[in-house]
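Quick note: the coordinates plus some simple rules give every number you see, no bench work behind them. Owing to the predicted nature of the structure, the values given are computational and were not obtained by experimental measurement. Reconstructed Cβ throughout: ideal geometry from the backbone, glycine too, with neighbour counts over all protein chains shown.
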Amino acid sequence: MGGWLLVFIAERNGGRQARQSEINTGRRFGRCATCSPTSRSYLVVRARACLCSTPSSTQLWLQESSFGDLRAPQTHLSRIVELFFCPVDIVWLFALTTDDWKYESENCSSRQTDWRFIVLLDCIFSCFPVCQKLTTDCRIMANYAVKVESGRAGEDGKPSVGPVFRNSLARNGFPPLDPDMTTSWDVFRVAAEKYPNNRMLGWREIKNGKAGPYLWKTYKEVYEEVLQVGSALCHLGAKSGSRIGICGANCPQWIVAMEACNGYSLICVPLYDTLGSGAIDYIIKHAEIDFVFVQDKKMKEILSSTCKSSRLIKSIVSFSSTTGEQNDAAADIGIKLYSWNETLRMGEEYPSEPLPPQPHNICTIMYTSGTSGDPKGVVLTHESHATYVKGADLFLNQFEDKMTTDDVYLSFLPLAHILDRMLEEYFFHNGASVGYYLGDIHALRDDLMELKPTLFAGVPRVFERVHEGVLKALSELRPLRRMIFNALYKHKLRWMRLGYSHKTASPFADMLAFRKVKARLGGRVRLIISGGAPLNPEIEEFLRVTSCAYLTQGYGLTETCGLSTVGFPDDMSLVGTVGVASTFSEVRLEEAPELGYDPLGTPSRGEICVRGKTLFSEYYKNPELTKEVMVDGWFHTGDIGEMRPDGVLKIIDRKKNIFKLSQGEYIAVEYLEKIYKISPIVEDIWVYGDSFRSMLVAVVTPHEDSAKRWAEQNGHKGSLCDLCKLEVLNKFILQELKTVAETNKLRGFEYIKGIVVDPLPFDIERDLVTPTMKKKRAQMLKFYKAEKRLPSKDSASGDRKKKTKKGSETYKIYIFKVLKRY
């Protein structure tokens, strides 16, 4: 029969028409890269059937599929065919030969599947020499991206650039926007008309010290509040183009204020204190904010004497009620303070019709971290927002699981960041629900259990905690149960790598073990999105296998109005990447000669540049910086990427010395090093962190005189090298760094959590600095990750400049060990 295969599916039928059987045979198949068609090659077979609940007889259904000249080895069993739908009566095993296809059946319990039997057989067949590695050209691969321009070498002083890639959805050009959805206001207005009675915004109230169930407002109720708040702002003097600040944690009032800005052509300016202690003061002045909506917990900061720009504000609206103390403090600086209910009543008394914006009008000025210390204002238009929502809609509509009005999103990422805001706008467009967390990240699990979201978005640090929690729970299990979990993990991972979705790879493993992982995210999650920083590939793979949900991560910045690249769920070849260009974006790499990255080389590497319909229009009041990053329509991100030939992108480096921690917060290391060098004990310091960790560590070169003075005061003797090995000096320096951080009001994630102490200065001889004494950070990481030799007691005594290899002793410093320890 050559390459013909007869597959038999057992299906039970009772009195009525049997449910339609679903056969997934040969959907993903292949042979060993070293096997020829006439030698041993193994066919991977998988099938599943939906069985009737009231069986009376068994029917055999025949399915015929051609697989070319692929042959099976004589007298060898290929693989158990799994029927993971209960109740299952027959498990078919296929003995494959080149001449005919024999089969034999094993009967299980008539009403209850003996899963132990299946697992045992699975373990047995796993021991057969079945080829695990498939050549990629033998797999059915989707073309996620298309190349629309070829790369070109640099000339006339211009850098080389790589090929331009676009999403396959935009193969023939970017799709047009819907005529009735060209602004951010349209997104909400149309949804309120289509889904007036759907639940829109949910929150929990604290009663007697405990959080109650989620309470909800419908789209109609929220729309009415938006009109009231917008009318109140108009009555207070707000005009088209006025800047409106919003300061506070995620809550329904935040969204109402935001939509009021959209509906009345006002500019929303989020205020976020993690940009720095003086960031709110700077933004109020820089953006020339007229009115501010403030959460009660943030009111003190706005009205404090340190926030000098607050005197420029005309009125403040509280998210809740106001106190006499707050009213007095506001009156002292000439500001009128209104409670939320007062604002709603004002809007009822003085109604105004909405003043819809035009697509090119400014929607928001969203401030993000700057390398010089001051935040930079990213100007985003209404068209950018509407385009992003349309792109997300087109992208997610490709998949089997469609977005519905029953979907629920738990909002806990800051609305002042672009990722959460765009996710919520996408949910509003689809008439779905958004529930807000209580504000305590440590109580997030309680919110998850109560809300039971279907979409969960977070930064890598959140998923690191999930991973750590599962591993901790596994460590407490008996060895046999741990062994079963690991076996099921490997079993499902193998099938996912062969191309099966998380749903079909092993429903049995999901039911037996992984449903407990899913329960940690509320039990109903269908899609997990990771953003803000790269997700550790190990954790990404773990979640893809165990979460029982689709998982994707992407890459984007505030300047790109959200994700500019996005990964495809259930494709394990994308683990460790950030996917391909999003629907309305084009991506290419540009040469970075100072770092040795060439987009025309192999592999293709360079600075990531983005062009498309969702880009920002400018940095507010900063034309010089705008011109620096926007060249010929391409936004230069400052991140270094590696591009596969199929357009899949991977982040590998940062062009400038600023990066994100795993919780998504930016770190400007040069600024921090300047601050920490204030300490008398610090001669020099190298601060290190990466996007897979949530904290910072450092290598410190101590000031020799200060270190010896400390030693004398604390009864220690020896050379500087000897002192640097003392754990007590390590703790002392760490405490000094903490004191400096507190004095300079650094944010918690900017604190140094662990250090190693090097008695030698960062020098040219060890290739740690340039001739101009600038730190060579990539080389420092390489150096301190490896074993380092420091001078012995004799050679390190006295002047540190007298260095010699003679008599040196081995002294190990591993920067990653410090990270792991803390």
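A few points about this structure:
- Taking the alpha carbon gyration tensor of the stretch 454-656, multiplying each eigenvalue by 5 and rooting it gives semi-axes of 37, 17, 15 Å, largest first.
- Taking 0.36 nm per residue of separation and subtracting the Cα-Cα distance, full extension of the segment from Glu594 to Trp216 would add 130.6 nm.
- Pairs beyond 22 Å (Cα-Cα), from Lys210/Lys745; Lys452/Lys650; Lys731/Lys753: Lys210/Lys745; Lys452/Lys650
- Debye intensity ratio in log₁₀ form over the Cα atoms of the stretch 589-667, taken at each q of 0.13, 0.18, 0.19 Å⁻¹: -0.46, -0.85, -0.93
- Footprinting exposure proxy ranking of Thr614, Thr626, Thr577, fewest other C-beta atoms within 10 angstrom first, gives Thr626, Thr577, Thr614.
- Were the residues from His360 through Asp180 laid out at 0.36 nm apart, the gain over their Cα-Cα distance would be 63.3 nm.
- Cut-off 13 Å (backbone N to label point 7 Å along Cα→Cβ of Arg747), residues of the stretch 404-421: 414-418
- 11 Å beta-carbon shell around Ser339, net charge (K/R +1, D/E -1): -1
- Distance histogram for the stretch 184-381 (every C-alpha pair counted, 10 angstrom bins, percent rounded to whole numbers): 9, 35, 37, 18, 2
- 3J(HN,Hα) along the stretch 559-570: 5, 9, 6, x, 5, 9, 10, 8, x, 9, x, 6 Hz, from the Karplus curve 6.51 cos²θ - 1.76 cosθ + 1.60 with θ = phi - 60°, whole Hz, x for Gly and Pro.
- Annotation: the antiparallel percentage among DSSP beta bridges lying fully within the stretch 342-490 is about 55.
- Taking amide H atoms as placed 1.01 Å from N in the peptide plane, the amide H of Gly612 lies under 5 Å from those of Glu586, each 5 or more residues away in sequence or on another chain.
- Which listed pairs, of Lys207/Lys518; Lys660/Lys775; Lys492/Lys660, have C-alpha distances above 22 Å, in listed order: Lys207/Lys518; Lys492/Lys660
- FRET efficiency estimate (nearest 0.05) - Cβ-Cβ, Ile658 to Glu205, R0 41 angstrom: 0.55
- Taking amide H positions as modeled 1.01 Å from N, with prolines and chain starts lacking one, the residues under 5 Å from Ser160 and 5 or more places away or on another chain are Gly154, Glu591.
- Each of Leu521, Leu498, Leu480 has some number of other Cβ atoms within 10 Å of its Cβ, and from fewest to most they run Leu480, Leu498, Leu521.
- Efficiency of FRET from Cβ geometry, His235 and Asp332, R₀ 22 Å, rounded to 0.05: 0.35
- Sites listed here are GluC sites (Glu not before Pro) in the stretch 448-549 whose DSSP assignment is loop and whose Cβ has at most 15 other Cβ atoms within 10 Å: Glu476.
- Pairs of Cα atoms farther than 12 Å apart, the stretch 704-756, %: 66
- Spin-label pair Lys472/Ile441, simplified geometry with 7 Å Cα→Cβ offset, distance in nm: 1.6
- Extending 7 Å from the Cα toward the beta-carbon at both Thr306 and Glu155 defines two label points whose distance is 5.7 nm.
- Spacing of the two label points (7 Å from each Cα toward its C-beta) at Ala778 and Lys452, in nm: 5.1
- Surface/4 of the Cα convex hull for the stretch 215-262, nm²: 3.6
- If R0 is taken as 25 Å, the Cβ-Cβ distance between Thr405 and Arg644 corresponds to a FRET efficiency of 0.10.
- If the convex hull is drawn through the Cα atoms of the stretch 471-538, its volume per residue in Å³: 118
- Under Karplus coefficients 6.51, -1.76 and 1.60, residue-wise ³J(HN,Hα) of the stretch 298-310 in Hz, glycine/proline x: 9, 4, 4, 5, 5, 8, 6, 5, 6, 8, 5, 6, 4
- Value of Rg/Rh across the stretch 299-395 [Cα atoms, Kirkwood radius]: 1.08
- Residues Ser305, Ser315 arranged by fewest to most Cβ contacts within 10 Å: Ser305, Ser315
- Seen from Ala741, the other residues with C-beta closer than 12 Å to its C-beta sum to a net charge of +1, counting Lys and Arg as +1 and Asp and Glu as -1.
- Extent along the principal axes, Cα only, for the stretch 198-285: 40, 34, 19 Å, with the longest axis given first.
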